[in-house]
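Only one structure is covered here, and it is reproduced in the block below.
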Amino acid sequence: MKVQGVVRPPGDKSISHRVLMLAALARGTSELSGLLTGEDVKSTARVLRQLGADISPIRAAGPVSVHASRITHPASRLNCGNSGTTARLMLGILAGQRFAATLTGDASLRRRPMRRVTEPLRTMGAEITEKGGDALPLRIRGGRLRPLTYTTPVASAQIKSALLLAGLTGNVSVTIREPYRSRDHTERLLVHLGLGLHERDGAIVFEPRPPERRGSVPSFRLAVPGDASSAAFLVAAAVLAEAGELLIENVGVNPTRTGFLVVLERMGAHVERVNLRNEGGEPVADLVVRPARLRGTEVGAAEIPTLVDEVPILGVLASRAARGVETVFREVGELRVKESNRLELIAANLRAVGGEAEARGNDLFVCGTGTPPRGRVETARDHRLAMAFAVLGTVPGADVRLSERASVAISYPRFFADLRRMRAT
Ligand code: S3P
């Protein structure tokens, strides 16, 4: 396969959720461009509409306007669909509201752990009732919150962001330490909007505002950069190609998200960043990618938060390194509680197409193979597994059959069209 041309990944999923939520907390009308049109972001918009925000339809063309005055009691359950970010960040927002709401989600989301967020929110003073153990559905009644100083047990931007948003809506101080730095989009947005966030001695600190300015999130205009995690699939397809060059435009290159590019460099593929700029407090660049021969590498625990959603595609790339060469991903146990059990499924699916891979404890081992991948892959309706193995299916001689493809609509609705377009032959 040869690659060519120019592609643009969809809007960043993490930032899209956050700007919609902050715009819904603002007084007045905000205008957001470049939002992801995927299902997860639509779940956030649906939940915010149930809470009274007036959000224009989220379509590929054109900006979205959010008109908000005050979040109010919802008439029915808040369905977060497949989106862990919606569920966890909304718990933070609801912790500072004086009404009760029930959150639920699809079968995958109802299996994902929530105590990592509900325990610190309870310490702050939110009343939370479990209906199915450490998972959704959950009923939350917010109220007057207490300040919190907390060290997260895992490096998770969802936990950190939920607590910062609780600080914002409850107008109390929140100080957070994490074992490794997770993506910092919430912090950057709070700084960009002048909402009292800073770092002190390695901790992230949200400071409340004086009582007369409580709840005064300013309305704003913002352009969401392209999603580095979605771009990773395009980068990988270009690296695995036999010839050509691909230009990927408008990609967020926030260092807390680009561990994928750092690891790729160690594996022997150089991705050039050109046209570096800043959009709403986030660094953005265009990426130039060429095919490369890959080596194995070791990905350490401290790097994992910077590439946590890219382990499926890095696993696929590692399987195309030179024959017999091993790549190790350390401490990737968190992958068991993503949209699917990614840790087991990456390994099982690589084996299903003739590769060598194994999850041992919390580590993932993948061996390079010279033979074309052939076989059926179980995506478990997980968008990132579907895209990672679709990319594997582009190597010469491959015959990779996916159990389904529709899940890509969660984060990258045009994925298959873009993948087709960048292939020259
Ligand atoms: C996200 C954080 C990550 C990531 C998810 C999006 C976010 O989850 O896997 O896709 O937007 O904050 P964790 O924070 O739980 O690691």
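The values are calculated or read from the model by the stated rules, or taken from the named source; none is laboratory data. Source: prediction; values computed, not measured. Ideal geometry is used to build each Cβ from the backbone, glycine not excepted, and the neighbour counts take in all protein chains shown. Side chains included, ligands, DNA and RNA excluded: accessible areas come from the protein's heavy atoms. Shrake-Rupley method; radii C 1.70, N 1.55, O 1.52, S 1.80 Å.
Odds and ends about this structure:
- Any hit, region 218-231, residues being over 25 Å from Ser411 (Cα atoms), touching a residue at least 40 places away in the same chain (Cβ under 8 Å) and either open to solvent by 30 Å² or more (accessible area, probe 1.4 Å) or within 16 Å of the ligand (Cβ to nearest atom) (or both): yes
- Within region 231-240, the presence of a residue that is farther than 30 Å from Arg27 by Cβ and assigned to a loop (DSSP other than H, G, I, E, B) is excluded.
- Residues (within 16 Å of the ligand (Cβ to nearest atom), crowded, with 16+ Cβ neighbours inside 10 Å and part of a helix (DSSP H, G or I)) located in region 334-359: Glu334, Leu335, Val337, Arg342, Leu343, Leu345, Ile346
The rows are residues; the columns are (1) within 12 Å of the ligand (Cβ to nearest atom); (2) out of contact with any strand residue (DSSP E or B) (no Cβ under 6 Å at 6 or more places or on another chain); (3) open to solvent by 10 Å² or more (accessible area, probe 1.4 Å).
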position: Ile140; (1), (2), (3): no, no, no
position: Arg144; (1), (2), (3): no, yes, yes
position: Ile159; (1), (2), (3): yes, yes, no
position: Leu190; (1), (2), (3): no, no, no
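- For region 324-333, the candidate set comprises residues that are assigned to a loop (DSSP other than H, G, I, E, B) and not charged (D, E, K, R); within that set, the residue that is farthest from the ligand (Cβ to nearest atom) is Gly324.
- Considering residues of region 161-188 that are over 13 Å from Val205 (Cα atoms) and over 19 Å from the mean Cα position of the chain (by Cα) only, the residue nearest to the ligand (Cβ to nearest atom): Thr169
- For Ala95: the one exception among (1) among the small types (Gly, Ala, Ser); (2) under 24 Å from Val224 (Cβ atoms); (3) open to solvent by less than 20 Å² (accessible area, probe 1.4 Å); (4) at pLDDT 95 or above: (2)
- Checking each residue in region 3-14 for being at negative phi and either more than 8 Å from the ligand (Cβ to nearest atom) or surrounded by fewer than 24 Cβ atoms within 10 Å (Cβ to Cβ) (or both) picks out Val3, Gln4, Val6, Val7, Arg8, Pro9, Pro10, Gly11, Asp12.
- Close contacts from region 170-199, counting a first residue that is under 17 Å from Gly92 (Cα atoms) and aliphatic (A, V, I, L, M) and a second that is in a strand (DSSP E or B) and open to solvent by 50 Å² or more (accessible area, probe 1.4 Å), with Cβ to Cβ under 7 Å and a gap of 6+ residues or different chains, come to Ile176/Tyr150.
- Considering the conditions (1) under 22 Å from the mean Cα position of the chain (by Cα); (2) more than 19 Å from Leu164 (Cα to Cα); (3) surrounded by fewer than 24 Cβ atoms within 10 Å (Cβ to Cβ), Cys80 is excluded by exactly one of them, (3).
- Each residue in region 377-421 was checked for being in a loop (DSSP other than H, G, I, E, B) and of a type outside the set (Phe, Trp, Tyr), and 17 of them qualify.
- Residues in region 35-66 that are open to solvent by 40 Å² or more (accessible area, probe 1.4 Å) and in a loop (DSSP other than H, G, I, E, B): Gly52, Pro57, Arg59, Ala60, Ala61, Gly62, Pro63.
- Taken as a whole, region 312-323 holds no residue that is part of a strand (DSSP E or B), more than 16 Å from the ligand (Cβ to nearest atom) and more than 22 Å from the chain's Cα centre (by Cα).
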